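The values are calculated or read from the model by the stated rules, or taken from the named source; none is laboratory data. This is a predicted model, so every value here is computed, not measured. Methodologically, a virtual Cβ is constructed for each residue, glycine included, from the backbone with ideal geometry; neighbour enumeration extends over all protein chains shown. Note: areas computed on protein heavy atoms with side chains; ligands, DNA, RNA excluded. Shrake-Rupley method; radii C 1.70, N 1.55, O 1.52, S 1.80 Å.
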Amino acid sequence: DIDDDYMHEILGLRGYNATFKTAGYNYVAEHPEIKAILSIRDTPDKYVDSWLLAAPFITILEKRPFCWMSTVQSLIPSFEAEFKHETTNGKPEDYLDRQTLRANYVSYNRAVQEAVPADRLLIFNAKQGWEPLCEFLGVSVPEGITFPHVHTRAKLLGEMWFLELITWIWPLAGLLPLIFIIIIPTYYTSRAIIS
């Protein structure tokens, strides 16, 4: 078995100096050499609104054809942990419940702030941009590089719509060749008869 210390040592040897959710906040609190960044939203309700927009992703992956894909099958336990357990404090049936999500967000943020010393914790809203993040990490602000905004609401909705569409049209993948086999010869046969 690999414990958290050994895993982080391996990551460091491979050139990584930051990780995402590889250890809980208590691990960070116990290691004075580690800094933590707590990502927050403007308000708990803004977090819930955003999460409820993204949460249907897991239900899409549980549908055909995605559920047949070996990569998806191997990732589903991780997605279930993130989407259904972490966000609800272990109440997976409530992963779409607004009050549960809000209460867990507030409770988790409070627990992180109580566990990690303030001098090693950056409470960060992505709207703040590079400056507080770079200052906290002791690096210069990248020149000429705008702060990334990967998932805008429109982009996320578009991705979800596309994935949902695939769950509806995948049966056509088997029917289309059959249709072409029937229609194309029929078309050419009818043209030959007309000529």
*Return a yes/no flag: does segment 70-84 have any residue that is within 14 Å of the chain's Cα centre (by Cα) and part of a loop (DSSP other than H, G, I, E, B).*
no
*Which members of segment 44-66 meet the condition of being in a helix (DSSP H, G or I) and open to solvent by 40 Å² or more (accessible area, probe 1.4 Å)?*
Asp45, Lys46, Tyr47, Asp49, Leu52, Pro56, Phe57, Thr59
*Residues in segment 63-78 that are at pLDDT 90 or above and within 22 Å of Asn104 (Cβ to Cβ): how many?*
2
_Please verify whether Thr87 is modelled with pLDDT of 95 or more and either open to solvent by 50 Å² or more (accessible area, probe 1.4 Å) or not acidic (Asp, Glu) (or both), treating the condition exactly as stated._
no
*Limited to segment 3-32, what total is found for residues that are modelled with pLDDT of 80 or more and either exposed (fewer than 10 other Cβ atoms within 10 Å of the Cβ) or not in a helix (DSSP H, G or I) (or both)?*
6
_Of all residues being small (Gly, Ala, Ser) and assigned to a helix (DSSP H, G or I) in segment 109-131, which is farthest from the chain's Cα centre (by Cα)? Just the residue, please._
Ala118
*How many residues are within 15 Å of the chain's Cα centre (by Cα) and farther than 22 Å from Lys46 by Cβ when one looks only at segment 158-169?*
1
_Asp97 farther than 28 Å from Phe162 by Cα, out of contact with any helix residue (DSSP H, G or I) (no Cβ under 7 Å at 6 or more places or on another chain) and modelled with pLDDT of 90 or more_ = no
_Members of segment 158-195 that are closer than 30 Å to Pro56 by Cβ, outside any helix (DSSP H, G or I) and open to solvent by 70 Å² or more (accessible area, probe 1.4 Å)_ = Trp170
*Are any residues in segment 37-60 polar (S, T, N, Q) and more than 13 Å from the chain's Cα centre (by Cα), and if so, which ones?*
Ser39, Thr43, Thr59
*Considering segment 110-157 alone, what residues qualify as being in contact with a Phe, Trp or Tyr (Cβ under 7 Å, 6 or more places away or on another chain) and open to solvent by 50 Å² or more (accessible area, probe 1.4 Å)?*
Trp130, Val141
*asked:* Among the residues of segment 92-105, what is the count of those that are open to solvent by less than 50 Å² (accessible area, probe 1.4 Å), in a helix (DSSP H, G or I) and in contact (Cβ under 8 Å) with a residue 40 or more places away in the chain?
replied: 2
*Select from segment 132-157 the residues that are under 22 Å from Lys35 (Cβ atoms) and part of a helix (DSSP H, G or I) and write down the one among them that is farthest from the chain's Cα centre (by Cα).*
Glu135
